[in-house]
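This report concerns only the one structure given below.
The values are calculated or read from the model by the stated rules, or taken from the named source; none is laboratory data. A quick note: this is a predicted structure, and the numbers were derived from the prediction, not measured. Here the Cβ is made from the backbone with ideal geometry for all residues, glycine too, and neighbour counts use every protein chain on show. The area values use the complete protein model at the heavy-atom level, side chains included, leaving out ligands, DNA and RNA. Shrake-Rupley method; radii C 1.70, N 1.55, O 1.52, S 1.80 Å.
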Amino acid sequence: MLINHLRLADLMQQHKEELATIESIDSGAVYTLALKTHIGMSIETWRYFAGWTDKIMGNTIPISHARPNKNLTFTKKEPIGVCGLVTPWNYPLMMLSWKMAACLAAGNTVVIKPAAVCPLTALKFAELSAKAGIPPGVINVVTGSGGLVGNAIAAHPDVRKLGFTGSTEIGQVIMKTCAESNLKKVSLELGGKSPLVIFSDCDLDKAVRLGMQSVFFNKGENCIAAGRLFVEASIYDEFVRRVVQETKKMTVGDPLNRSTAHGPQNHYAHLKKLLEYIDIGVKQGAKLRYGGKRVDRPGYFLEPTILSDVEDNMFVAKEESFGPIMCISKFHDGDVEGVIKRANATEYGLASGVFTKDLSKAMKFAESIDAGTVFINTYNKTDVGAPFGGFKQSGFGKDLGQDALNEYLKTKCVTLEY
Ligand code: NAP
């Protein structure tokens, strides 16, 4: 598998412009981001897991049944068999790669259903995988709807593991289907409403720049997007003024144009949902500081939007938008405990972030926050070597890093007496 992973990564590298163009047209991601992140990180993921293919091993374990000990106990890591993967539309090839590269490195075969609205890079990938010499039957891409194809994979008695990325709502359906069919092993990477806390002792230029990226990256269709920004009272007005000023400069337009910063939303139903989300926010009292409307041009374009004065009980404070909508709330000066409590008051637990120059404060935040990822003075910095996954209703299990391999392995324990 080592050679196959590397060959596949090389072929993806050779076809990276083509893959990025397809991804950009299919998902609306701006081409430059598609090239660097959607495709670039997919290639890195295949190279990273290539390195694990020949390093999967168990342990020898001292056991104490008898003296003198004439036992040898050891564990073996074994592949699960046929694994099913179901993925979403926001980073189509990257979500496929995060799961499949680990799944195959562990020695399994795979059946994947990409999102119905964005299946094209998965199909191009299947073509490249055949060219890379991956034997027939190892990678199987089945397109179609979740209700039909996704459900059939989750319910199939020969599938022993289901790796899912998508919404919490569908994650719950999938878990039930997996339990009722053959109790298959499940890992779920689900939605989020990640808090980003900005203290007044931060580097404000950086907090403004990365605060914007935390929300607007990939036009907000980013599971770890900061769903809510908590800003300390003494810098609140200045922060809001500056993010509005900078957001006005973002070029919205054709995703294939190299100078575009913000492309169209993925599909019409999603755009419609985002407009309703903004409407509810404003009706409940949030202040619309910028954007909020569909852009007057063909395509599913939404202006990057900023809502301030968001209160804890509002719909927009609690629900994930999965779009380019910044929701800003204020917290009292110096109220570290209070803001952490508010940041944790969510059923989600995917990611979180904090901006402060005070490392004790940052570490207190990191220790207290109930989320699978914590960014300190940065945001969106995922890496193929670092485990990624949520807590609470953001799911369980990890993608990326060494931890991801265990999602696709069984541990067998062998004891012999000699
Ligand atoms: P979704 O509606 O949950 O769909 C995800 C996938 O599940 C799609 O392929 C979908 O098929 C399929 N599906 C739908 N119903 C199914 C069923 N009954 N059985 C089996 N499969 C079924 O999510 P989405 O709208 O594509 O993606 C947005 C969500 O994904 C957001 O909540 C976002 O936060 C989350 N997300 C999480 C992560 C993470 O790592 N935690 C990463 C990215 C996205 P169709 O194509 O037919 O809909």
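Structural remarks
- For region 78-176: rounded, prolate or oblate by the Cα gyration tensor [a/c cutoff 1.5]: oblate
- Region 1-116: C-alpha gyration tensor shape, a/c 1.5 cut-off, then a/b vs b/c: prolate
- Between helix 40-50 and the chain: long-axis angle, C-alpha atoms, 0 to 90°, nearest 10: 20
- A 1.4 Å probe run over the protein chains yields, for the chain, 43 Å² of accessible area per residue, whole-number rounding.
- What you get for the chain, charging only the Cβ of Lys and Arg (+1) and of Asp and Glu (-1), is a dipole of about 720 debye around the Cα centre.
- Mean separation of Cα pairs under 8 Å and 6 or more residues apart, divided by the residue count, gives the chain a relative contact order of 19 percent.
- Between region 3-38 and region 369-403, the alpha-carbon centres lie 23 Å apart.
- Charge dipole of the chain about the Cα centre (unit charges at C-beta), most positive-ward option of 416, 179, 155: 416
- Length-normalised contact order for region 220-275 - Cα pairs under 8 Å, 6+ apart - percent: 18
- Distance between region 51-130 and region 132-185 - C-alpha centres, whole angstrom: 14
- Restraint check, 124/249; 219/249; 293/357, Cα-Cα greater than 26 Å: 124/249; 293/357
- Computed from Cα atoms, the angle from the helix 120-131 axis to the main principal axis of the chain rounds to 30 degrees.
- Among beta bridges from DSSP that stay inside region 215-361, the antiparallel ones total about 35%.
- Between 0 and 90°, nearest 10: helix 204-216 axis offset from the chain longest Cα axis: 60
- Expressed to the nearest 5 percent, the antiparallel share of DSSP beta bridges inside the chain is 35 percent.
- Exposed-loop-free span, longest in the chain, where GluC sites (Glu not before Pro) count as exposed if DSSP calls them loop and at most 14 other C-beta atoms lie within 10 Å: 1-310
- Rounded if a/c under 1.5, otherwise prolate or oblate - region 107-154, Cα gyration tensor axes: oblate
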